[in-house]
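Q: Sending over a structure as C-alpha cells; questions will come in a sec.
The values are calculated or read from the model by the stated rules, or taken from the named source; none is laboratory data. Because the structure is predicted, anything quoted here is derived from the model rather than measured. Reconstructed Cβ throughout: ideal geometry from the backbone, glycine too, with neighbour counts over all protein chains shown. These area figures cover heavy atoms from the full protein model, side chains too; ligands, DNA and RNA do not enter into them. Shrake-Rupley method; radii C 1.70, N 1.55, O 1.52, S 1.80 Å.
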Amino acid sequence: MSDTMPIEDYLAQGGVLTSPANVPPRYRGELLRLMASFVDSELAGSAGFADTINDAPGIQERISAARIVLEKADHAGKVLTIMETFGADGGRYAVHHPWAVRLAREADIGAARQGGDMRLSVFHYPLEGWVDAVVMNVLMGRASVVQLKELSRVSYQPLAEVFRAILPRETRHAELGLAGLVRIVDDAEGHAKAKSSVAYWYPRVAASFGHSGSARFETLSRFGLRHTQNETLLAEWRAEVDAQLSALALKGQ
C-alpha cells in the first residue's frame, strides 16, 4: 500500500491487509465483530445440534449429526485462532456463554442480537426433535453457504483463507441435511412434520441475512469486509432453498 493512499481507498480498490499490526482501529473493531458473530453462531449451532444426536433414527444419521457438531466447533476454533492474534482470550472465550441455551419456541426476535454473545438470531430458537433439526440444518446450512461465499472475499487475508477452507465443509453439512430430509419426507407423517418445521424456520433463517438497505453495510463495504447487499444474498438463498423445497413438495409458506 502506498504511504500516501488512505486506507479506505486502498481497501475499496481491492487491497488486503495481512497482519494486526497494519489494521486501523475502526477496521479492527468491525473485523472483530464479524469474527465474533461467526464464532458465536458456530458454537451455538454446534451446541444446539449436539442435543439432537440421540434423536437420530439410524447409525448413518447419527454419524452425520456428530460430524456437523464436531466440524462447526472446529470452524469456530479456526476463526478464534485469528481473533487471538488481536488479543482475544481463546481459552476463556469458548466457555464464556451457555451456547446451548435457547429462547422459548414462540419467541419472535427478528434479526436482533440477544444476551451477551454475537450469534445470529436464528441460533436463539430451540430445536424440537430430529425432523425439526434436519429442516433447520437444510435451511440454515444453505444460508451459511451463501454467507460464507461472501465472507470468503473479506479484505483481511488470513480470515478470507480460513473462510475459503471452511466453505466446502459447510457445503457438505447442507448436503447431509438435504439427504436426511429426502428420507424424512418419504412417508406422510414425516412430510407433515417437515412442512410444519419449514413454516417455522424459513422466516427465522431469512432474518439472519439482516436488514435491507443496512447502513452498516456501507461501512463494511468501504473496508472490503462486505461486497454484496443483504437483500441480494437473501434473494440468492430464497431461490436455492425454494427450489429444494418445491422438489420435496414442502414449499408453500
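Q: Heavy atoms only, probe 1.4 Å: what % of the accessible area of the chain goes to carbon and sulfur, would you let me know?
A: Result for the chain: 55 percent of the exposed heavy-atom area is carbon or sulfur.
Q: Averaged per residue, what accessible surface does the range 8-70 expose to a 1.4 Å probe, in Å²?
A: On a per-residue basis, 47 Å².
Q: Counting each DSSP H run of 4 or more residues in the chain as -39500 (n - 2.57), what helix-only mean residue ellipticity at 222 nm follows after dividing by all residues, to the nearest 500 deg cm²/dmol?
A: -21000 deg cm²/dmol
Q: Starting at the first residue of the range 61-75, write each ³J(HN,Hα) from the Karplus equation 6.51 cos²θ - 1.76 cosθ + 1.60 with θ = phi - 60°, in whole Hz, x for Gly and Pro.
A: My calculation for the range 61-75 gives 5, 5, 5, 4, 5, 5, 5, 5, 4, 4, 6, 5, 5, 5, 4 Hz in order.
Q: Let me know the volume per residue of the alpha-carbon convex hull for the chain, in Å³.
A: Once divided by residue count, the hull of the chain is 119 Å³.
Q: For residue 156, which sequence-distant residues (separation of 5 or more, or a different chain) have an amide H within less than 5 Å of its own amide H, given hydrogens modelled in the peptide plane?
A: 17
Q: Translational diffusion coefficient, Stokes-Einstein: compute it for the range 50-199 using the Kirkwood radius over C-alpha pairs as Rh, at 20 °C and 1.002 mPa s, and state it as an integer in µm² s⁻¹.
A: This corresponds to a translational diffusion coefficient of 128 µm²/s.
Q: Could you give the accessible area per residue of the range 119-220, probe 1.4 Å, as a whole number in Å²?
A: Per-residue accessible area for the range 119-220 comes out at 37 Å².
Q: Against the longest alpha carbon principal axis of the chain, how many degrees, from 0 to 90 and to the nearest 10, is the axis of helix 230-247 turned?
A: 20
Q: Under a straight-distance cross-link criterion of Cα-Cα below 22 Å, which lysines are reachable from residue 193, leaving out those fewer than 8 residues away in the same chain?
A: Partners within reach: 251.
Q: In a GNM of the chain with a 10 Å cut-off on Cα contacts, which of 25, 158, 203 has the highest mean-square fluctuation?
A: 25
Q: If packing is taken as the average number of other Cβ atoms within 10 Å across a peptide's residues, how do 186-199, 63-76 rank, most packed first? Let's see the in-between values first.
A: On the way: 186-199: 15.7, 63-76: 19.1.
Packing order, densest peptide first, comes out as 63-76, 186-199.
Q: Additional query: Placing +1 at every Lys and Arg Cβ and -1 at every Asp and Glu Cβ, with all other atoms neutral, what dipole size does the chain have around its Cα centre, in debye to the nearest 20?
A: So the dipole magnitude of the chain works out to roughly 140 debye.
Q: Roughly how far apart, in whole Å, are the Cα centres of the range 23-68 and the range 124-166?
A: Answer, in whole Å: 8.
Q: Ranked from the most accessible area to the least, with a 1.4 Å probe and all protein chains present, what is the order of 8, 175?
A: 175, 8
Q: Sticking with this structure for a sec: Straight-line reach only, C-alpha to C-alpha below 18 angstrom: list the lysines that residue 72 could link to, leaving out same-chain residues fewer than 8 apart.
A: 149
Q: If you take the C-alpha gyration tensor of the range 140-206, multiply each eigenvalue by 5 and take the square root, what semi-axes do you get, largest first, in whole Å?
A: The equivalent ellipsoid of the range 140-206 has semi-axes of 31, 13, 5 Å.
Q: Which of 103, 148, 181 moves most in a GNM of the chain, Cα contacts under 10 Å?
A: 103
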